[in-house]
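Taking it in order: structure first as structure tokens, then the write-up.
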Amino acid sequence: MTLALPFLFAALAAQVAGAGDVAPKAAEPARRLVDQLDATQVQRILRHGPLEPAPPDPTNRVATSDAAAHLGQRLFYDTRLSLDGNHSCTSCHMTSRAFADGLDLPVPAGASERHSPTILNAVYQRWFFWDGRADSLWSQALQPIENPRELGIGRAGLARLLVEDTRLAAEYRAAFDEAPSAAPEDSDRTAVNAAKAIAAYEARLVSADSAFDRFAAALRAGDLDAAARYPEDALRGLLLFTGRANCRSCHAGPLFSDGEFHTIGMPPKGGGKLRDSGRFRGIELLRADPFRGSGPWSDAPDSERAREVESLVQSPEQWGQVRTPSLRNVARTAPYMSQGQMASLRDVLHYYSTLDGAVAAGHHGEQVLKPLALSDGERADLEAFLRTLDGVDPPAALMKPLPKAR
Amino acid sequence: MPKPRSLLRLCASSVAVVGLALASGSSMRAEDARTEKSVNSNGGRYVLHVKEPEGGFVRGKPLSLEVRVTRAGDPSATVPGLGLVVDADMPEHLHGTNRVPRIQRRADGSFLVENLYLHMPGWWELFLDVVESPWTERAQMRVEIE
């Protein structure tokens, strides 16, 4: 960054100097704002991209396997993974809703306490679930299968399905070079492999190339004409986001999430004080999870990534903390917050502007969490910016169940 | 001392020369890029010589530091037999770091601090506690993460 910036500003200066030579391609006000960006603003904007390939997960030996992803896609849409035979992973992670469900709380098999987040770009996350109680995509995928309030078929049930369905069995063999087994001593291995296959599929559900990404790329290249195509109100919102509103404090980096855990005083659904223990309990659950990265089912239990769990701090201030959600595709994934308390982006921005109803939490004292007192125009600008974070969907072939065998 | 003819032969292979220059240059830059700061402990007993992470302090990555402790007034000799505890806090946020740094005492008496993880931009205060029984003395330094 230090080396690149002088080149960037040289390029910007050259563009500005030569601006009179070409016909304007964008509205003048947006161009003026782009021209006025200072070094700090540019540097902060460029910290939000680009979205590079996700880091490898050594705990899943089939994370990048085509055969495993194929099996994973098959399983992702299979309602036989649920006890009632009516639900699958896609019941809460719907392709038509950017892999969220549009509900405040999911209801596949009974009340659940937390909102279903999108799994687009989940491969970039370090911790999974709102409380971070899983440390890999594959160990995350196992939990709804186990939980009777979600899919609930269980590891043994999943292993039986893979053995009894001849097509699934064949695809399992193609992915793992062995036959699935539902024998008591083998069923965990079969189920874990299936979860790793689901993770291999989910790892391909990447959505980037948003209007913001194109703007940032143009800025990085010093192409002011292209940069000025970014909507003016969105640029004002972006400057608020990285400036006075300081949203970037938690919504940092290319994912627009620091991947860590915070409370923002959000009142729980139904009112009252915080009831969700959040990250405080999440760490305990992670440490006790036999399917964690450093556990016996991991393919690299001694890897640096797997052993991160050992260095996690657990303290009372983590009570109620939930993971910072990514803001990529945020306009497509309403409602918001860990219980879907906020129906719209407008509601979220109103909350940050006023902190109406905020409950006391032992974290992020009032020095940081202050009402932003945003004007109507500023809220509209921030919303316009957030809407430019909608990315392109993954390839169409990944957005639907695989065709059934003839 | 290489002979002139040998030098000419080296120069004839421009790719090799450029490669050599790049390799040695980048290695030197990497070495030079590590800023070392001296910090007095709050009680004045020690001076901590802190070699900052390569690339500086950045958000969201495990960082490594090297720390050498000398007595105030005698900056040349590393004090042997000390302990070191490292932690970081965000005073404006009322919270600390989410991971425990790993600290390893090396044969020369200095310390290698790894896995220092600063997850948010803003003001962090880095606490370096020198333990020399029966005293523990704190040194601290301000770190700004952009």
Which members of the range B:114-139 meet the condition of being more than 14 Å from chain A (Cβ to nearest Cβ) and assigned to a loop (DSSP other than H, G, I, E, B)?
B:Ser133, B:Pro134
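Quick check: is even one residue across the range A:283-304 part of a loop (DSSP other than H, G, I, E, B), within 14 Å of chain B (Cβ to nearest Cβ) and over 28 Å from A:Ala331 (Cα atoms)?
To start, the set of residues in the range A:283-304 that are part of a loop (DSSP other than H, G, I, E, B) comprises A:289-304.
Narrowing the set further to residues that are within 14 Å of chain B (Cβ to nearest Cβ) leaves A:303-304.
Within this subset, residues satisfying the condition of being over 28 Å from A:Ala331 (Cα atoms) are A:303-304.
Yes, some residue in the range A:283-304 is part of a loop (DSSP other than H, G, I, E, B), within 14 Å of chain B (Cβ to nearest Cβ) and over 28 Å from A:Ala331 (Cα atoms).
When you scan the range A:347-358, do you find a residue that is aromatic (Phe, Trp, Tyr), part of a loop (DSSP other than H, G, I, E, B) and within 26 Å of A:Pro106 (Cβ to Cβ), even just one? First the steps, then the outcome.
Applying the first criterion (aromatic (Phe, Trp, Tyr)) to the range A:347-358 yields A:351-352.
Going one step further and asking which of them are part of a loop (DSSP other than H, G, I, E, B), we end up with none.
No, because not a single residue in the range A:347-358 is aromatic (Phe, Trp, Tyr), part of a loop (DSSP other than H, G, I, E, B) and within 26 Å of A:Pro106 (Cβ to Cβ).
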Give me the pairs: first residue in the range B:116-140 and more than 18 Å from B:Pro101 (Cβ to Cβ), second residue part of a strand (DSSP E or B) and of a type in the set (Lys, Arg), beta-carbon distance under 8 Å, and six or more apart or on different chains, which are they?
B:Trp123/B:Arg142
Only one of (1) within 12 Å of chain B (Cβ to nearest Cβ); (2) out of contact with any helix residue (DSSP H, G or I) (no Cβ under 8 Å at 6 or more places or on another chain) does not apply to A:Cys247, and that is (2)
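In the list A:Pro184, A:Pro180, A:Pro254, which residue meets the criterion of being modelled with pLDDT of 95 or more, at negative phi, in contact with a Leu (Cβ under 6 Å, 6 or more places away or on another chain) and away from chain B (no Cβ under 14 Å)?
On the way: A:Pro184 fails: in contact with a Leu (Cβ under 6 Å, 6 or more places away or on another chain); A:Pro254 fails: away from chain B (no Cβ under 14 Å).
Checking each option against the conditions leaves just A:Pro180.
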Within the range A:317-341, restricting to residues that are out of contact with any helix residue (DSSP H, G or I) (no Cβ under 7 Å at 6 or more places or on another chain) and within 13 Å of chain B (Cβ to nearest Cβ), the one that is surrounded by the most Cβ atoms within 10 Å (Cβ to Cβ) is A:Gly320
Here are the criteria: (1) within 14 Å of another protein chain (Cβ to nearest Cβ); (2) at pLDDT 95 or above; (3) crowded, with 23+ Cβ neighbours inside 10 Å. Tell me which single one A:His262 does not satisfy.
(2)
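Assess whether A:Ile119 counts as being under 30 Å from A:Thr263 (Cβ atoms), in contact with a His (Cβ under 6 Å, 6 or more places away or on another chain), in the same structural domain as A:Ala195 (by TED's automatic domain parsing) and not hydroxyl-bearing (Ser, Thr, Tyr).
Numbers: under 30 Å from A:Thr263 (Cβ atoms): yes; in contact with a His (Cβ under 6 Å, 6 or more places away or on another chain): yes; in the same structural domain as A:Ala195 (by TED's automatic domain parsing): yes; not hydroxyl-bearing (Ser, Thr, Tyr): yes.
For A:Ile119, the condition - under 30 Å from A:Thr263 (Cβ atoms), in contact with a His (Cβ under 6 Å, 6 or more places away or on another chain), in the same structural domain as A:Ala195 (by TED's automatic domain parsing) and not hydroxyl-bearing (Ser, Thr, Tyr) - is met.
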Search result, residues across the range A:136-189 that are surrounded by fewer than 21 Cβ atoms within 10 Å (Cβ to Cβ), within 12 Å of A:Leu71 (Cβ to Cβ), touching a residue at least 12 places away in the same chain (Cβ under 8 Å) and of a type in the set (Gly, Ala, Ser):
A:Ala174
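The values are calculated or read from the model by the stated rules, or taken from the named source; none is laboratory data. Predicted model, so just to flag it, every value in this text is computed and none were measured. As a convention, Cβ positions derive from the backbone with ideal geometry for all residues, glycine included, and neighbour counts pool all protein chains shown.
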